1. All but one of (1) in a loop (DSSP other than H, G, I, E, B); (2) among the polar types (S, T, N, Q); (3) under 20 Å from B:E173 (Cβ atoms) hold for B:Q86; state the number of the condition that does not hold.
2. Could you say which residue among A:L154, A:L126, A:L210 is part of a helix (DSSP H, G or I), under 16 Å from the mean Cα position of the chain (by Cα) and not charged (D, E, K, R)?
3. For the range E:197-234, name all the residues that are at pLDDT 85 or above and of a type in the set (D, E).
4. Looking at the range D:195-211 only, could you name the residues that are buried (at least 22 other Cβ atoms within 10 Å of the Cβ) and not polar (S, T, N, Q)?
5. If you scan the range E:39-48, which residues turn out to be facing chain C (nearest Cβ under 8 Å) and within 15 Å of D:G144 (Cβ to Cβ)?
6. Do you know which residues across the range B:159-176 are of a type in the set (A, V, I, L, M, F, W, C) and surrounded by fewer than 22 Cβ atoms within 10 Å (Cβ to Cβ)?
7. Any residue in the range C:106-117 that is modelled with pLDDT under 85 sitting within a Cβ distance under 7 Å of a residue that is basic (K, R)? List the pairs, counting only those 6 or more apart or interchain.
8. Among residues belonging to the range A:160-177 that are among the small types (G, A, S) and touching a Gly at 6+ places or on another chain (Cβ under 9 Å), point out the one that is nearest to the other protein chains (Cβ to nearest Cβ).
Amino acid sequence: MTQISMLRRVAEPALWFVGLLVVWEILVRGFAVPTFILPAPSQFLTQMVVDYQRLAQHGWATTQMILIGFVAGAVPGLILAYLIARFRLAEQILYPVVVFIQGLPKITLAPLLLVWFGFSDFPKILLTALITFFPVLVDAVTGFRSIDKRQYYLSRSMGASWWQTFSKFELPTAAPYIFSGFRITVVVAVTVVIVVEWLNSQTGLGYLVLRAMDSSNTPLLFAILFVGSMIGVALSACVTLAERLLLPWKQA
Amino acid sequence: QDHVSVQMNWTADSAHLGFAMAESLGIYDEYDLDVEMIEGRGSAVAAQLVATGQVDLGYADAVAALNVASQGAPIRIISTIWKSGQFGIQSLADSGIEGPQDLIGKRLAVSPGSAMLPLIPVFLRANGIAEGDVEITNSSENAFIGLLTSGQVDAVSQTPENIVVPLAAEGIEANNMYFYTNGVPLASLSLVGREDKLAERPEVFSRFLEATARGWQEAMQDPEAAVEALMEMFPETEHSREALLQAAEYSFASVCPGGEGDIIGYTSAETWDEMYDVMTTAMDLSADRPVADYYTLDYTPETDVLCN
Amino acid sequence: MSEQALSTPQTERSPLWYRLDRLRSSFAGSAVLGLLAIAALLGLWEWLATLYNVPLWLVPKPSNFLGRLVSDWQMIGGHAIATSITIVEGFALGVLIAVPLALAIAAIPALERGLYPVIVFLNIMPKTVIGPILIVWFGIGPLVAALIVFLMCFFPILVDAMSGFKAVDKRLFYISRTMGANEWQSFWKFRLPAAMPHIFSGMKIGVVKAVEGVIVAEFIASNRGLGFMVMQASAFMDISLMFAGLVAAAIVALFFNGAMSVAERVLMPWSRAGH
Amino acid sequence: MNQVSMTSALSTGQTSVAGASITAQAITKTYGEGPAAFHALGPIDLDIKPGEFVSLIGPSGCGKSTTLLLASGLEPLSSGTLEVDGKPLTRPLSEVGIVFQDHLLLDFRTALDNVMLQQEIRGLDKAVIRERADMLFDRLGLKGAQKKYPRQLSGGMRQRVSIARALVHDPSMLLMDEPFGALDAITRTQIRHDLEMLWLETRKTVLFITHSIEEAVGLSDRVLVMSTSPGRIIEEIKIDLPRPRPAHLGEYPEFSAYAEKIYSIFAKLGVYKF
Amino acid sequence: MNQVSMTSALSTGQTSVAGASITAQAITKTYGEGPAAFHALGPIDLDIKPGEFVSLIGPSGCGKSTTLLLASGLEPLSSGTLEVDGKPLTRPLSEVGIVFQDHLLLDFRTALDNVMLQQEIRGLDKAVIRERADMLFDRLGLKGAQKKYPRQLSGGMRQRVSIARALVHDPSMLLMDEPFGALDAITRTQIRHDLEMLWLETRKTVLFITHSIEEAVGLSDRVLVMSTSPGRIIEEIKIDLPRPRPAHLGEYPEFSAYAEKIYSIFAKLGVYKF
Ligand SMILES: Nc1ncnc2c1ncn2[C@@H]1O[C@H](COP(=O)(O)OP(=O)(O)OP(=O)(O)O)[C@@H](O)[C@H]1O
Ligand SMILES: Nc1ncnc2c1ncn2[C@@H]1O[C@H](COP(=O)(O)OP(=O)(O)OP(=O)(O)O)[C@@H](O)[C@H]1O
Ligand SMILES: NC(=[NH2+])NCCC[C@H](N)C(=O)O
Ligand SMILES: [Mg+2]
Ligand SMILES: [Mg+2]
């Protein structure tokens, strides 16, 4: 039973991917699209095999950065979300500031951050966190607000402390929303990290992107993006898995 | 050995052949220098990193460096390596664009935010072309090759290394027209230092300039070896040997625009005055400080290193 | 009679008017507080910059770029409007495609297993890389900018709408089916309103991503808009105009977000009622 | 309160379309699958004739609500066959009014809008249904609650709104899951009477789930008594009492005899401990 | 089923801490504000002595649940004063067991975990409470439901889980809002009896809200009858019947007299139409 569904879980997306790549290959060949505009899958997949070592190494650097950036974005996102959802004043003061900061095209700041902090990890983490925390924040706010106010009757009548109310009532109620924020964030984070590395790093897939672009090596470029996307798909699957494990009542 | 860190303008390419050659031939060792070349992300960033003191020297386009300096950054250009501008206009060979006048009525793609942007109006004016006569469209430079080959634009503004060389690799012939030779006589990639750091170890920087100039001289003599040296110094580079070799021609032309006998890395005070004139009159650079505030010839090597 | 005394004073105003009035006052209230908070943030920045004597080429002071915002308001405003139009186009496209797609994915498990990873996969392609390819395909023009905005805001809306549709209490379908509701009715009258809180949070994220996207889009291909202006400014090393552009973009984001909140209050009156 | 009786509010002139029949053979329901499977109901047989009023009574958790969900086609059978009007049920019944045990009002609609949903979805005449809705609101003591959202209503009011929703479109069959559970004794008796009058007039088929022996006996042609979980029908009791039946049933010995009989069946199930 | 009686399951040896007193003067509650304000309750007075069992009965929507929320300190008063054990109530009571009308189980916890929440939050001994929980589950007919999530339970089972949750920590005061509403007649009588036995043993203060006249008379020392909305207390009836009271109250004339009295008060409120 479970084995069959496991198989499906892997086979079905795989089928879609293969389909996508085949259509891509046919289109590129059919319309004779030059490689420097859009390489055929066969080209960049070959490139992937050739360059697997470098891709793996930089891919790992990027993955680490994504994970760090994700945590650095999600944790403040959750804290702010809680404050915003619970305290009207916090909502009125913090939310506009958050939207304001979020509305600043922070990517433009990448060169400035590079000037301030050099090629260190800090500006990369900062940028990633700044760009990624918003989805978690917004979804968590909705989640914390979705709690039926009458549940507070229950928690208060038990004399629950602040922490107990949070951990036993509010957090589980908001959890499905928070996970949906995570699903968005983890995917956004991949893109962001790649762009940030492209602008501001000496390692990672984004840095390789820069190299590939400089030398007009589009097969390499797409090989890199393919790897990045696979990382994203994998991380996204991890979030789904975590959701299944942590929120068993959604499955029942 | 004296340590000198240099913030490069970009990732390693033909603009850094001279440095790689100096390193690989042991010239820097000879001058008792321990040189660290750091790949970068644009000239402005390099100039700013010098200003914040994170590196000893920067390798940046003169226009960008002067712009940073004019906003109060305590930096000075100590040597102009690429004495002629790197930017220009590229078009497919069969487009019939040979000179500036041929651009009239054509579509020209420019990348917003790029360093060539301020140069284009100067270039047009110098050639008596009204801005409305050329249809300028804004597009990311990463689309340039596609736009050119698909015929969506007639010309693009970039460096020949970034357009002509990769097109050649695809078997497509293209032309380049430098701004420098068409009415915009501005220097390009230059070494920039911060005033206090320069004052601290004047003689070290002097040595560095001489060693570097000699590196370029050697590179021009043996381009293959220079490319080899570059690939050894920056093994991560994606550029192919052939591409680097082709680009080297453009690079060397910029180092020695005056041809044989030109002094590598040296721009005279008179030329500086002319450049400053162009920048303050045609390019909005503030003229409240004299040009002598922005450059110094104090570190120029005792003995001139000449082009051959 | 004490009962009379206790009952609330009768007012002439209709409940609708009262609702509008409350909305306005509370909305204006939040707006003022929010602006004060942002002003405080900028004030702190100004103070620190002055205190440490930070030079302009490193970080401009708020007084520098806010001044530009005022003196060049016509030019900046024009770009802001161009940007806003692109946002509206791309965002509308995003909502129109993401919501129905989310419904399909939520309804058909095979799509979630198969199509969703592909969407994740495609979504990760950085827009800065996709953009140039789009330009070559679609030409330089507003279409590409709108497409990039669409690509940016599509995903958050999709994900949140998906969880919204999935979170709908299964028992609500009991009612819709016993009423013989057709697919359209059950979507329109049950699933959509029930999923609304999720969709709105997706749209709130989406609209901010759209602002981010539009700037990127205008870096890549456009002849107007705030992103274009910021890039021009950076080419000319006009840092204060650059920051003025960034701030203007943030204001555009605030505006769209505010519009979102108003839409939420109007479209989901039940979320405000009671308690 | 409005003095129009619910009966007149409900019969819109069109006299008595006979209701549908429900026939079920050996239906069962198992929730979940694999080791987590839970056999919740049956096998049970049902044979409800057109226009009959049948009550289902049984201990909590025995599968009454499940039976209703199966009979309405809302949950698939795990086994057995089910026919409505002689035709196998392939999709949820829609010519029906259902009161669910947990009222299932839509949070995002006001009380009135919850009721008017029937009109919107079925495409009925708005003015007519609106009038019926207003009468039902009056009749059910919901005056003034029209514009409130469910969460602003008391428990009993929510239940009454859901009753209004099930009746407003004058359905030919009624399925009601403990509809009067949260009502006070008086309203409960009142509405029971009203429902009986309505039924007498239109003779719709009614499947009525209740915990209350009094209600079951007071309303039904037939009472089906279910065993503890997994529920099966262990007794079928025909109630031969004249209609309309009186309010204070306790005072009538015929009633008490039936009630006593059901009590004793329950007692045999071993529920009592004292 | 387990034959241990609920009483013994509930009294953990520690004999009868007398309950708290509740005194309220002219309390009222208005929900919302401005033109949307709704005057839901009062003014009413309450004077519940320690260890007293008081029922509140009244038509649906009259403000019974609201009274409970006020008395527990969960909703702020709109006016009036309220004291518990002689001290003004400034924060929600916590030494209390509350059964809410809409059970308020947490969707994301299994039945057992919903009950064990009391232990987790109050930091009680896990083993002890777990044992009590198991006994309550048995006693309330919830055997086997421990690991089910609320949505997998029948309506009545959910309500019983919430009763277990209110009793598991052996509180000194009980506030119950229609706790037996969704139970079948038999279980209902059974649990009523069990609750009475428990109360006799420990004499906690109980405020009991019900729609059932039978339950009110069968359990209480005093019954407070409320008027229609906005509810006020219109009658106070002392129930002078010996305890424990029998299961089939209907058969006892003393009981019928009290019931009749309440019926007649309700009837005067104008609820009856037939
Ligand atoms: N949060 C709220 N906002 C507005 N009105 C409310 C709210 N809660 C209750 N009411 C109103 O207050 C009145 C009393 O409600 P309450 O729940 O106390 O009634 P009740 O006596 O418990 O009724 P029932 O027996 O049906 O449970 C009702 O008219 C209800 O509509
Ligand atoms: N979705 C579900 N998943 C798993 N088990 C379920 C589900 N719904 C109901 N059950 C189980 O099926 C049994 C019968 O439930 P049902 O709701 O039909 O009982 P009921 O007779 O209506 O009880 P009540 O009188 O308490 O409403 C119960 O034991 C319940 O736990
Ligand atoms: N592929 C590129 N964008 N190259 C740009 C090179 C950087 C340029 N030479 C500068 O000095 O700023
Ligand atoms: Mg049920
Ligand atoms: Mg109530």
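The values are calculated or read from the model by the stated rules, or taken from the named source; none is laboratory data. Note that the coordinates shown come from a computational prediction; the quantities given were computed from them, not determined experimentally. No Cβ is skipped: glycine too gets one built from the backbone with ideal geometry, and neighbour counts run over all protein chains shown.
1. (3)
2. After applying the criteria, what remains is A:L126.
3. Hits for the range E:197-234 are E:E215, E:D221.
4. D:L195, D:L198, D:W199, D:K204, D:V206, D:L207, D:F208, D:I209, D:H211
5. E:H39, the sole residue that qualifies.
6. Residues satisfying the conditions are B:A168, B:A169, B:I172.
7. Going by the 7 Å Cβ cut-off, the qualifying pairs are C:R113/A:R8; C:R113/A:R9.
8. Result: A:A175.
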